[in-house]
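Peer 1: Below: one structure in structure tokens.
The values are calculated or read from the model by the stated rules, or taken from the named source; none is laboratory data. Computed from a predicted model, the values in this text were never measured in an experiment. As a convention, Cβ positions derive from the backbone with ideal geometry for all residues, glycine included, and neighbour counts pool all protein chains shown.
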Amino acid sequence: MKTIRSAISWAQKFFQNAERAGKKFVTNVELFNYVAERTGQRRAVLNGTLDGSGPGKLISADWYRGRWYKVKEGGRIVHRFGKVTVQREMDFNFGGKREANRRIMSFLPPNGAPRLLTLASSQGNCVKAAIAQNPNVLVDNVECDGETLRLWKAEKMRSGIRTEDFPVTLQKYVTLAYFQGNQYALVNADVMGYAARPMREYLSVLNRLKNAKFIAVTTQCLKTFRNGGEFQGALRRKYAGNPDAHAECIKGWLPNYTLVDRFTYHKTAGTKQMEVFIFKLN
């Protein structure tokens, strides 16, 4: 009998082949057919592994989460290829994440009309937590995935929520004149990635502009650095021997700010731990 691990391994091979072929999306049916043919398992057996959530499932695999995300389009499930900055609702809609949102949004002032920059994903749990803290909050939302943005616009219409939506990445947004001309009570940089060149790019802009009183950065919980290449190698050399290298690196990119809060959370038991750093302008 084939194991769950063999099904996941074949799924990884399927997505690797899709990337080599330059595909930007694949259907769930294609995935199931590929894995079923190679493992000899029926769809009913594979369903929990490929469509379920939790430890040992496709959706929790690091190699999948960092490069692919799953959405429903036109009544069918598809897997889309995208950068780690693309937001997946599976990462935003669970108890631990909602509690993290409440803690982050507690740094918004409860009075006045403070401005917030965030990544609402499709359900806007961070936006709803901000409104609970201050109903008059002004929300700028960044979302580079068209389908996720469409879902959010439908959700906010149902919920009676107003946001200004920008269909760009966070890295691009912080270079826009609109962003640079505003003052923010809080920037919620919830890209859920890790210290690397893209993070350095947007944090360096935030540090230089100093137009946010608080900055919340959500990352994978790491002690050292992920991935290879010249940039990551330079980080490893710079922080060699530091027991908290990942955090020290992020702090080093924000010298005009002071770390005032730091905490971790899990989606479910056994899944990757996430970490939130909250910085205050000096």
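Peer 1: So which residues in region 138-147 are surrounded by fewer than 23 Cβ atoms within 10 Å (Cβ to Cβ) and either touching a helix residue (DSSP H, G or I) at 6+ places or on another chain (Cβ under 7 Å) or touching a residue at least 24 places away in the same chain (Cβ under 8 Å) (or both)? Steps first, answer last, please.
Peer 2: Quick first cut of region 138-147, residues surrounded by fewer than 23 Cβ atoms within 10 Å (Cβ to Cβ) only: 138-140, 144-147.
The answer is Leu138, Val139, Asp140, Cys144, Asp145, Glu147.
Peer 1: Restricted to region 131-190, and to residues that are among the polar types (S, T, N, Q) and under 22 Å from Leu209 (Cα atoms), which residue is modelled with the lowest pLDDT?
Peer 2: Looking at the filtered set, the residue picked out is Thr169.
Yes or no, residue by residue, for (1) in contact with a Phe, Trp or Tyr (Cβ under 7 Å, 6 or more places away or on another chain); (2) assigned by TED's automatic domain parsing to the domain that holds Asp51; (3) surrounded by 17 or more Cβ atoms within 10 Å (Cβ to Cβ); (4) at pLDDT below 85:
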site: Gly74; (1), (2), (3), (4): no, yes, no, yes
site: Val78; (1), (2), (3), (4): yes, yes, yes, no
site: Gly96; (1), (2), (3), (4): yes, no, no, yes
site: Ala100; (1), (2), (3), (4): yes, no, yes, no
site: Pro109; (1), (2), (3), (4): no, no, no, no
site: Ala113; (1), (2), (3), (4): no, no, no, no
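Peer 1: Kindly indicate the residue of region 152-175 that is among the charged types (D, E, K, R) and in a helix (DSSP H, G or I) and also farthest from Leu119 (Cα to Cα) among those meeting that condition.
Peer 2: Quick first cut of region 152-175, residues among the charged types (D, E, K, R) only: 153, 155-156, 158, 162, 164-165, 172.
Still in the list and also in a helix (DSSP H, G or I): 153, 155-156, 158, 172.
Numbers: Lys153: 13, Glu155: 14, Lys156: 13, Arg158: 18, Lys172: 13 Å.
Among those residues, the one meeting the criterion is Arg158.
Peer 1: Same structure again: In region 115-130, which residue that is small (Gly, Ala, Ser) and modelled with pLDDT of 95 or more is farthest from Ile77 (Cα to Cα)?
Peer 2: Pass one, region 115-130, residues small (Gly, Ala, Ser): 120-122, 124, 129-130.
Pick out the ones that are also modelled with pLDDT of 95 or more and you get 129-130.
Numbers: Ala129: 29, Ala130: 31 Å.
Per the criteria, the residue is Ala130.
Peer 1: Restricting to region 176-192, name every residue that is surrounded by 18 or more Cβ atoms within 10 Å (Cβ to Cβ) and in a helix (DSSP H, G or I). Spell out how you get there, then give the answer.
Peer 2: Within region 176-192, the first condition is being surrounded by 18 or more Cβ atoms within 10 Å (Cβ to Cβ), and the residues that meet it are 179, 184-192.
Within region 176-192, just Phe179 meets the criteria.
Peer 1: Select from region 115-137 the residues that are surrounded by fewer than 22 Cβ atoms within 10 Å (Cβ to Cβ), closer than 10 Å to Leu186 by Cβ and without any contact (Cβ under 8 Å) to a residue 60 or more places away in the chain and list them in ascending order.
Peer 2: If the condition is that a residue be surrounded by fewer than 22 Cβ atoms within 10 Å (Cβ to Cβ), closer than 10 Å to Leu186 by Cβ and without any contact (Cβ under 8 Å) to a residue 60 or more places away in the chain, then Gln133 is the only one that fits.
Peer 1: In region 13-27, which residue that is surrounded by 15 or more Cβ atoms within 10 Å (Cβ to Cβ) and part of a helix (DSSP H, G or I) is nearest to the chain's Cα centre (by Cα)?
Peer 2: Phe15
Peer 1: Now for a separate question. Being among the aliphatic types (A, V, I, L, M) and surrounded by 13 or more Cβ atoms within 10 Å (Cβ to Cβ) is the filter here, so list the residues in region 28-44 that pass it. Full working, then the answer.
Peer 2: Within region 28-44, the first condition is being among the aliphatic types (A, V, I, L, M), and the residues that meet it are 29, 31, 35-36, 44.
Answer for region 28-44, where residues must be among the aliphatic types (A, V, I, L, M) and surrounded by 13 or more Cβ atoms within 10 Å (Cβ to Cβ): Leu31, Val35, Ala36.
Peer 1: Can I ask one more? Among the residues of region 213-249, what is the count of those that are crowded, with 18+ Cβ neighbours inside 10 Å and either touching a strand residue (DSSP E or B) at 6+ places or on another chain (Cβ under 6 Å) or assigned to a strand (DSSP E or B) (or both)?
Peer 2: Total meeting the criteria: 8.
Peer 1: Also, I was wondering about something else. With of a type outside the set (A, V, I, L, M) and modelled with pLDDT of 80 or more as the only criterion, which of Arg38, Arg65 stands out? Break it down stepwise before answering.
Peer 2: Numbers: Arg65 fails: modelled with pLDDT of 80 or more.
After ruling out the rest, the residue left standing is Arg38.
Peer 1: Looking at Arg150, Arg158, Arg208, Arg162, which is the one that is under 21 Å from Gly252 (Cβ atoms) and either touching a Ser or Thr at 6+ places or on another chain (Cβ under 6 Å) or surrounded by fewer than 16 Cβ atoms within 10 Å (Cβ to Cβ) (or both)? Talk me through it step by step, then tell me what you get.
Peer 2: Working: Arg150 fails: under 21 Å from Gly252 (Cβ atoms); Arg158 fails: under 21 Å from Gly252 (Cβ atoms); Arg162 fails: under 21 Å from Gly252 (Cβ atoms).
Only one candidate qualifies: Arg208.
Peer 1: Additional query: Would you mind finding the one in Lys223, Lys238, Lys251 that is in the same structural domain as Phe107 (by TED's automatic domain parsing), touching a Pro at 6+ places or on another chain (Cβ under 9 Å) and not acidic (Asp, Glu)? Show your work before the answer.
Peer 2: Numbers: Lys238 fails: touching a Pro at 6+ places or on another chain (Cβ under 9 Å); Lys251 fails: touching a Pro at 6+ places or on another chain (Cβ under 9 Å).
So the residue among Lys223, Lys238, Lys251 that is in the same structural domain as Phe107 (by TED's automatic domain parsing), touching a Pro at 6+ places or on another chain (Cβ under 9 Å) and not acidic (Asp, Glu) is Lys223.
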